[in-house]
Amino acid sequence: MLYALHEARYYATTPLRAGAKVARDFWGSPFNPMSQTLLGRQMTAGADLLESTTRRYGKPEWGIDTIKVGQVDVRVRQTVVWESPWCRLIQFDRDMADMRRAGKFSLDPAVLIVAPLSGHYATLLRGTVEAFLPDHAVFITDWKSARDVPMMDGRFDFHDYVDHIRTMLGVLGPRPNVVAVCQPGPPVLAAAALMAEDNDPSRPASMTFMGSPIDARKSPTLANNLAKEKPFAWFSSNMIYTVPAPYPGAMRRVYPGFVQLASFMTMNQAKHQDAHKKYFEDLVAGDGDGAEKHREFYDEYLSVLDLTEEFYLQTIEIVFQKHLLAKGELVHRGRQVRPEVITDIGLMTVEGENDDISGVGQTQAAHDLCTGLPQALKELYVAPKVGHYGVFNGRRFNQDIYPRVRDFILRTDPNFSAKAV
């Protein structure tokens with residue numbers, strides 16, 4: 001019922017949104033002599049703010065057409081190399097002629113970036129991809145919204161996620177590297193453990209976990225406490241709704257993205273209110289750069305996808321309530337998941353000192369689970385004064401975190417480690 005009401009609210013505000021667009025164009029038109037007055041700028045800013053807070057944000061474009069490698073512009077093309085009803089595996093192909101002009105004459109380590117399936121699209125990691133591209137052959141998981149997957153395509157749960165990771169690592173070939181950002185940490189570690197036990201030739205050469213809830217019992221945050229304190233039945237009764245027509249996934253039971261977004265916004269309500277107030281002030285003051293940064297962030301942040309009922313509820317139970325992986329009790333398709341059997345996969349964990357989503361200690365718990373790894377294949381880093389999103393994006397990531405991850409991958413990848421010595 002809530003999903004249908006959400007859709008009805010959106011369509012009911014269509015006239016208001018249309019009126020706001022007309023008002024914005026009228027007061028902001030260069031042909032309007034009032035446009036450069038204080039009143040004109042205030043009216044334009046108010047109409048723009050109203051339109052932006054009531055419209056629907058679709059899936060963002062990647063917008064990565066070129067990257068800088070040294071002083072050379074290298075063209076980039078997106079290629080879908082594998083696909084299921086639930087995910088596309090995208091490769092960011094760098095133009096080899098441009099790479100040679102930039103002095104790159106040999107292959108780079110292959111890296112699978114596993115984007116979180118927790119409300120936002122994979123494009124949230126645009127900055128992460130851009131950072132990795134100069135030094136790696138980059139692939140990323142582009143998860144699909146459950147509302148767009150027809151019922152005939154069946155279920156998608158936590159164990160299907162593990163299988164997807166294993167399959168996609170196989171697509172990359174022998175000994176690729178994997179980087180899990182936030183939510184994917186537990187299923188990626190589970191997939192790596194199963195592949196290690198099977199001596200799978202496509203098991204990762206290294207795995208890097210960034211702000212991941214490997215053991216959510218450590219330094220619990222507000223989100224962790226909510227997941228722990230509420231009974232499992234509460235999540236099933238209050239967080240799951242039916243997708244309405246005309247979406248392709250009509251009648252599918254999902255955890256809607258707009259519910260997840262409302263939770264995120266509530267956790268930092270004052271921060272978001274201040275951001276929108278500053279956006280209004282920037283528009284009035286004519287600060288185009290400040291306003292554009294706001295638009296870029298919220299165009300991404302307000303774009304959300306739906307999760308299947310089974311994946312969401314199993315994640316709550318496995319990761320946040322029963323802590324099965326951390327306790328050595330996770331069973332996948334009848335097999336116990338045993339991280340202790342991993343002996344030749346590099347392990348790096350990255351945490352932010354000020355992370356309010358995955359507290360310090362939750363990610364580095366992977367080191368305690370992977371007891372079969374020698375210390376030479378382990379690295380642990382806690383970034384000072386960095387929050388959750390700063391762990392994988394932004395200035396501190398580019399200047400401090402990414403270089404450490406790059407060097408760790410080069411050092412532990414058996415195909416490239418000799419070159420790093």
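The values are calculated or read from the model by the stated rules, or taken from the named source; none is laboratory data. What you are looking at is a predicted structure, and each value in this text was computed from that prediction instead of being measured. Because the Cβ atoms are built from the backbone with ideal geometry, glycine has one as well, and the counts that use them run over all protein chains shown.
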Counted residues, segment 363-378 - those being over 18 Å from the mean Cα position of the chain (by Cα) and assigned to a loop (DSSP other than H, G, I, E, B): 6
Candidate set: segment 204-223, residues that are in a loop (DSSP other than H, G, I, E, B) and of a type in the set (S, T, N, Q); chosen: the one farthest from the chain's Cα centre (by Cα): S219
Of the conditions (1) within 22 Å of the chain's Cα centre (by Cα); (2) of a type in the set (V, I, T); (3) at pLDDT below 95, the single one that T349 does not satisfy is (3)
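What number of residues within segment 383-421 satisfy the criterion of being under 22 Å from P339 (Cα atoms) and not in a helix (DSSP H, G or I)?
We begin by selecting, within segment 383-421, every residue under 22 Å from P339 (Cα atoms); these are 405, 408-409, 411-414.
Pick out the ones that are also not in a helix (DSSP H, G or I) and you get 413-414.
Looking only at that region, the number is 2.
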Matching residues in segment 382-396 (out of contact with any helix residue (DSSP H, G or I) (no Cβ under 7 Å at 6 or more places or on another chain), modelled with pLDDT of 95 or more and over 17 Å from T221 (Cα atoms)) number 1
Taking the criterion of being under 30 Å from K278 (Cβ atoms), touching a helix residue (DSSP H, G or I) at 6+ places or on another chain (Cβ under 7 Å) and not aliphatic (A, V, I, L, M), would at least one residue in segment 303-310 satisfy it? no
Single residue of segment 265-291 satisfying the filter (surrounded by 14 or more Cβ atoms within 10 Å (Cβ to Cβ) and under 25 Å from A146 (Cβ atoms)) that is modelled with the highest pLDDT: M265
Among residues belonging to segment 162-198 that are in contact (Cβ under 8 Å) with a residue 12 or more places away in the chain and assigned to a loop (DSSP other than H, G, I, E, B), point out the one that is farthest from P339 (Cα to Cα). G173
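This table checks each residue for (1) surrounded by 15 or more Cβ atoms within 10 Å (Cβ to Cβ); (2) not aliphatic (A, V, I, L, M).
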| position | (1), (2) |
| --- | --- |
| T208 | yes, yes |
| G211 | yes, yes |
| P220 | yes, yes |
| A233 | no, no |
| M239 | yes, no |
| R253 | yes, yes |
| G257 | yes, yes |
| E296 | no, yes |
Which ones in segment 1-18 are more than 28 Å from the chain's Cα centre (by Cα), in a helix (DSSP H, G or I) and surrounded by 14 or more Cβ atoms within 10 Å (Cβ to Cβ)? R17
Of everything in segment 52-68 that's modelled with pLDDT of 95 or more and touching a Leu at 6+ places or on another chain (Cβ under 9 Å), which residue is farthest from G127 (Cα to Cα)? I67
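Would you pick out the residues in segment 62-72 that are within 22 Å of the chain's Cα centre (by Cα), in a loop (DSSP other than H, G, I, E, B), surrounded by 10 or more Cβ atoms within 10 Å (Cβ to Cβ) and not aliphatic (A, V, I, L, M)? Please lay out each step first, then the result.
In the first step, residues of segment 62-72 are kept if they are within 22 Å of the chain's Cα centre (by Cα); the result is 62-67.
Applying the additional criterion that residues be in a loop (DSSP other than H, G, I, E, B) yields 62-65.
With the extra rule that they be surrounded by 10 or more Cβ atoms within 10 Å (Cβ to Cβ), the set shrinks to 62, 64-65.
Those that are within 22 Å of the chain's Cα centre (by Cα), in a loop (DSSP other than H, G, I, E, B), surrounded by 10 or more Cβ atoms within 10 Å (Cβ to Cβ) and not aliphatic (A, V, I, L, M): W62, D65.
Can you tell me which residue among A122, A115, A146 is under 21 Å from the mean Cα position of the chain (by Cα), surrounded by 24 or more Cβ atoms within 10 Å (Cβ to Cβ), farther than 24 Å from R203 by Cα and not β-branched (V, I, T)? Reasoning before the result, please.
Details: A122 fails: farther than 24 Å from R203 by Cα; A115 fails: farther than 24 Å from R203 by Cα.
On inspection, the qualifying residue turns out to be A146.
Given the condition under 21 Å from F156 (Cβ atoms), touching a residue at least 24 places away in the same chain (Cβ under 8 Å) and not acidic (D, E), answer yes or no: does some residue in segment 284-304 qualify? Reasoning before the result, please.
Step one: filter segment 284-304 for residues under 21 Å from F156 (Cβ atoms), giving 303-304.
Filter once more, keeping what is touching a residue at least 24 places away in the same chain (Cβ under 8 Å): 303-304.
Cutting the leftovers down to not acidic (D, E) gives us 303-304.
Checking segment 284-304: at least one residue is under 21 Å from F156 (Cβ atoms), touching a residue at least 24 places away in the same chain (Cβ under 8 Å) and not acidic (D, E).
Here's the yes/no breakdown for (1) touching a residue at least 40 places away in the same chain (Cβ under 8 Å); (2) in contact with a Cys (Cβ under 6 Å, 6 or more places away or on another chain); (3) at positive phi; (4) of a type in the set (V, I, T):
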{"residue": "M207", "(1), (2), (3), (4)": "yes, no, no, no"}
{"residue": "K218", "(1), (2), (3), (4)": "yes, no, no, no"}
{"residue": "T221", "(1), (2), (3), (4)": "yes, no, no, yes"}
{"residue": "L226", "(1), (2), (3), (4)": "no, no, no, no"}
{"residue": "P231", "(1), (2), (3), (4)": "no, no, no, no"}
{"residue": "F235", "(1), (2), (3), (4)": "yes, no, no, no"}
{"residue": "I240", "(1), (2), (3), (4)": "yes, no, no, yes"}
{"residue": "G249", "(1), (2), (3), (4)": "yes, no, no, no"}
{"residue": "Y255", "(1), (2), (3), (4)": "yes, no, no, no"}
Can you tell me which residues in segment 337-362 are crowded, with 24+ Cβ neighbours inside 10 Å, touching an Asp or Glu at 6+ places or on another chain (Cβ under 8 Å) and part of a loop (DSSP other than H, G, I, E, B)? S358, Q362
Test for L124: is it part of a helix (DSSP H, G or I) and free of Cβ contacts under 8 Å to residues at least 40 places away in the same chain: no
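Does at least one position in segment 34-51 carry a residue that is farther than 16 Å from A285 by Cα, loosely packed, with under 12 Cβ neighbours inside 10 Å and modelled with pLDDT of 85 or more?
Step one: of segment 34-51, the residues farther than 16 Å from A285 by Cα are 50-51.
Still in the list and also loosely packed, with under 12 Cβ neighbours inside 10 Å: none.
No: segment 34-51 contains no residue that is farther than 16 Å from A285 by Cα, loosely packed, with under 12 Cβ neighbours inside 10 Å and modelled with pLDDT of 85 or more.
Yes/no matrix, rows are residues, columns are (1) at pLDDT 90 or above; (2) under 17 Å from I316 (Cα atoms); (3) assigned by TED's automatic domain parsing to the domain that holds D368:
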{"site": "L194", "(1), (2), (3)": "yes, no, yes"}
{"site": "S202", "(1), (2), (3)": "yes, no, yes"}
{"site": "D215", "(1), (2), (3)": "yes, yes, yes"}
{"site": "A223", "(1), (2), (3)": "no, yes, yes"}
{"site": "L226", "(1), (2), (3)": "no, yes, yes"}
{"site": "M239", "(1), (2), (3)": "yes, yes, no"}
{"site": "R252", "(1), (2), (3)": "yes, no, no"}
{"site": "S263", "(1), (2), (3)": "no, yes, no"}
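Going by the structure shown, is R55 in contact with an Asp or Glu (Cβ under 9 Å, 6 or more places away or on another chain) and touching a residue at least 24 places away in the same chain (Cβ under 8 Å)? Quick ask: steps written out before the conclusion?
Working: in contact with an Asp or Glu (Cβ under 9 Å, 6 or more places away or on another chain): no; touching a residue at least 24 places away in the same chain (Cβ under 8 Å): yes.
No: the conditions fail for R55.
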